[in-house]
Amino acid sequence: MGSPVLVFQTAKGTADRLSPKPPLSFGPADPAAAAVLVDDGPRFQTIEGFGGAFTEAAAVTFYRMPAAIRAEILRAYFDPFAGHGYTLCRTHINSCDFALGNYAYDDVAGDTELQHFSIEHDRQALLPMIQEALQLTGTALKLFASPWSPPAWMKTNGEMNHGGRLKPECQAAWARYYARYVQAYQKEGVPLWGLTVQNEPMATQTWDSCRYSAEEERDFVRDYLGPALAEAGLGRLRLMIWDHNRDGLYERAKTVYADPAAARYVWGAAFHWYVGDHFDNVQLTHDAFPQKQLLFSEGCQEGGPHYDEWEVGERYGHSMLQDLNRWTVGWVDWNLVLDQTGGPNHVGNLCSAPLLANTQTGQLYYHYSYDYIGHFARFIRPGAQRIACASTLDDLEATAFLNSDGRIAVVVLNRTDRPHPFELKYGGQAAGTISPAHSINTYCFAAG
């Protein structure tokens, strides 16, 4: 193999941030050396993409920044050459915690015919930001949407916050609400790729939330949402259940998928990271239901902006790599950008984001999480297939993908305090290198 191995590195205590390093060359392998072995014979899942979430908080922050910084944010995320080349993103139906307050598209109590339905609120900031991103990505951007809560009048507790449930008599109207939302966004030039049934259906939050048991979600999909989308000609949409933490992923999937009438409407299950790692539950869900897809739909560092904390980046790298190695087809961060406080958030649930925009000084801050995400998103492109990748060292986590252009991308993560020499092995040859302490490296080379 004459092709060089391109190397890109992010390492703690250095200036390396997605930095190109001297290329490696393949040569004879040392059987005794520690190794990361890559084999492009076995093929696993195909990648849909990587991305983040358009929220009202992100959009309001975005439009509070100077034009040059707004252009930089869009380039950093969506430009396929100068940025991460995001192609899979999320947004919210009605308000979420990262909105400026509670709002719904139809606040007229009892309007089950949705005569007063309007997305006018989203035209203030959220839709324009999405439309600007679409101008950069075109048809490459796949957007899915999730509701945090139905309108207050559709719920048992009479408010959008603090949980509650969907009233039985409002199920048909709520199902049609999704279809109306998709159609309204389509008219704005924003096509939807998918939907989740409910964000975090097992959580009673101080912000916008609504609870569904597994049986309630199954029945709503089977009897109302699936048929409503089909009737509106929207059966092409990828409908995802759960959209909550990995701990309950398998149990929810089993309940819904065991009912063929419900399962036929469901493309797969979405999940978050906020309660433990539970990566084995992701693997188990695939093993039990290999015909259904798995998508990571939300994760962020909770509790404020977390400036200059390397561990935030490593949390992203570890989660992304381990989820990908367990059949996840896409990985979507939470807010694309937040302000210097980790907001705005209408209930004070401040969090971090890979990009923080200081709306007072006009400066843009890049978190280490931005770099760690880039080691995957920039080099593992939509249509890539995961291939076999095995590390002989517990301290080196690794994954590998074959892109549709014939390039292989290998990501190696070292979260320890020690550097580790190793050989990157492929096709009977090897390239020697070192993984620095607290680093992530992506290696790219031509297959064959």
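State whether the residues of the range 358-367 include one that is in the same structural domain as residue 56 (by TED's automatic domain parsing), surrounded by 24 or more Cβ atoms within 10 Å (Cβ to Cβ) and either of a type outside the set (A, V, I, L, M) or assigned to a loop (DSSP other than H, G, I, E, B) (or both).
No.
Hey, any hits in the range 168-177 for a residue that's free of Cβ contacts under 8 Å to residues at least 24 places away in the same chain, over 26 Å from residue 126 (Cβ atoms), surrounded by 15 or more Cβ atoms within 10 Å (Cβ to Cβ) and not β-branched (Val, Ile, Thr)?
no
Looking at the structure I just gave you, is residue 312 buried (at least 22 other Cβ atoms within 10 Å of the Cβ), free of Cβ contacts under 8 Å to residues at least 60 places away in the same chain and in the same structural domain as residue 71 (by TED's automatic domain parsing)?
Numbers: buried (at least 22 other Cβ atoms within 10 Å of the Cβ): no; free of Cβ contacts under 8 Å to residues at least 60 places away in the same chain: yes; in the same structural domain as residue 71 (by TED's automatic domain parsing): yes.
Taking the combined requirement at face value, the residue does not satisfy it.
Quickly run through the range 1-25 and pick out the residues that are at pLDDT 95 or above and out of contact with any Ser or Thr (no Cβ under 8 Å at 6 or more places or on another chain). Break it down stepwise before answering.
Initial filter on the range 1-25 (at pLDDT 95 or above): 4-25.
Hits for the range 1-25 are 6, 13, 14, 15, 20, 21, 22, 23, 25.
Scan 67, 109, 99 and give me the residue that is in contact with a Pro (Cβ under 9 Å, 6 or more places away or on another chain), surrounded by fewer than 14 Cβ atoms within 10 Å (Cβ to Cβ) and modelled with pLDDT of 95 or more.
Just one listed residue meets the conditions, 109.
Considering only the range 405-416, state which residues are under 13 Å from residue 394 (Cα atoms) and surrounded by fewer than 21 Cβ atoms within 10 Å (Cβ to Cβ).
So in the range 405-416, the residues under 13 Å from residue 394 (Cα atoms) come out as 412-416.
Within the range 405-416, 415, 416 qualify.
Just to be sure, is residue 276 crowded, with 19+ Cβ neighbours inside 10 Å, not assigned by TED's automatic domain parsing to the domain that holds residue 413 and not charged (D, E, K, R)?
When the stated conditions are applied, residue 276 does not pass them.
Can you go through 74, 37 and tell me which one is in contact with a helix residue (DSSP H, G or I) (Cβ under 9 Å, 6 or more places away or on another chain) and surrounded by 14 or more Cβ atoms within 10 Å (Cβ to Cβ)?
Going through 74, 37 in turn, just one is in contact with a helix residue (DSSP H, G or I) (Cβ under 9 Å, 6 or more places away or on another chain) and surrounded by 14 or more Cβ atoms within 10 Å (Cβ to Cβ): 74.
Given the residues 400, 353, 409, which is the only one that is assigned to a loop (DSSP other than H, G, I, E, B), among the small types (Gly, Ala, Ser) and under 20 Å from the mean Cα position of the chain (by Cα)?
One residue alone meets the criteria, 353.
Any chance the range 230-246 includes a residue that's touching a Phe, Trp or Tyr at 6+ places or on another chain (Cβ under 9 Å), among the small types (Gly, Ala, Ser) and buried (at least 18 other Cβ atoms within 10 Å of the Cβ)?
No, the range 230-246 contains no residue that is touching a Phe, Trp or Tyr at 6+ places or on another chain (Cβ under 9 Å), among the small types (Gly, Ala, Ser) and buried (at least 18 other Cβ atoms within 10 Å of the Cβ).
When you look at residue 393, is it in contact with a helix residue (DSSP H, G or I) (Cβ under 6 Å, 6 or more places away or on another chain) and either crowded, with 22+ Cβ neighbours inside 10 Å or closer than 30 Å to residue 308 by Cα (or both), yes or no? Steps first, answer last, please.
Working: in contact with a helix residue (DSSP H, G or I) (Cβ under 6 Å, 6 or more places away or on another chain): no; either crowded, with 22+ Cβ neighbours inside 10 Å or closer than 30 Å to residue 308 by Cα (or both): yes.
No.
Pull up the range 274-315, narrow it to residues that are outside any loop (DSSP other than H, G, I, E, B) and among the polar types (S, T, N, Q), then point me to the one that is nearest to the chain's Cα centre (by Cα). Break it down into steps so the answer makes sense when it comes.
Step one: list which residues in the range 274-315 are outside any loop (DSSP other than H, G, I, E, B), which gives 279-288, 293-298, 302, 310-315.
Filter once more, keeping what is among the polar types (S, T, N, Q): 281, 283, 285, 293, 297.
Numbers: 281: 18, 283: 18, 285: 18, 293: 14, 297: 4 Å.
Per the criteria, the residue is 297.
So which residues in the range 211-251 are touching a strand residue (DSSP E or B) at 6+ places or on another chain (Cβ under 6 Å) and assigned to a loop (DSSP other than H, G, I, E, B)?
Of everything in the range 211-251, just one residue is touching a strand residue (DSSP E or B) at 6+ places or on another chain (Cβ under 6 Å) and assigned to a loop (DSSP other than H, G, I, E, B), namely 237.
For the range 136-158, which residues satisfy the criterion of being modelled with pLDDT of 95 or more, surrounded by fewer than 22 Cβ atoms within 10 Å (Cβ to Cβ) and polar (S, T, N, Q)?
156, 157
Going through the range 247-262 one residue at a time, which ones are surrounded by 20 or more Cβ atoms within 10 Å (Cβ to Cβ), small (Gly, Ala, Ser) and touching a residue at least 40 places away in the same chain (Cβ under 8 Å)?
Residue satisfying the conditions is 262 alone.
Return the residues of the range 64-83 that are among the basic types (Lys, Arg) and part of a helix (DSSP H, G or I); say none if nothing qualifies.
Correct list: 70, 75.
So, in the range 16-31, exactly how many residues are small (Gly, Ala, Ser) and either closer than 12 Å to residue 440 by Cβ or within 26 Å of the chain's Cα centre (by Cα) (or both)?
Here the count works out to 1.
Given the condition touching a Ser or Thr at 6+ places or on another chain (Cβ under 8 Å) and in the same structural domain as residue 154 (by TED's automatic domain parsing), answer yes or no: does some residue in the range 111-120 qualify?
No, because not a single residue in the range 111-120 is touching a Ser or Thr at 6+ places or on another chain (Cβ under 8 Å) and in the same structural domain as residue 154 (by TED's automatic domain parsing).
Kindly check whether there is at least one residue in the range 422-431 that is of a type in the set (Gly, Ala, Ser), under 25 Å from residue 12 (Cβ atoms) and touching an Asp or Glu at 6+ places or on another chain (Cβ under 8 Å).
yes
Within the range 255-269, can one find any residue that is of a type in the set (D, E, K, R), more than 15 Å from the chain's Cα centre (by Cα) and under 30 Å from residue 389 (Cα atoms)?
no
When the range 15-54 is examined, which residues are found to be among the β-branched types (Val, Ile, Thr) and over 21 Å from residue 372 (Cβ atoms)? Outline the logic, then answer.
We begin by selecting, within the range 15-54, every residue among the β-branched types (Val, Ile, Thr); these are 36, 38, 46-47.
Once the filter is applied, which keeps residues that are among the β-branched types (Val, Ile, Thr) and over 21 Å from residue 372 (Cβ atoms), the range 15-54 yields only 46.
The values are calculated or read from the model by the stated rules, or taken from the named source; none is laboratory data. Just so you know, these numbers come straight off a predicted model, no measurement behind them. Methodologically, a virtual Cβ is constructed for each residue, glycine included, from the backbone with ideal geometry; neighbour enumeration extends over all protein chains shown.
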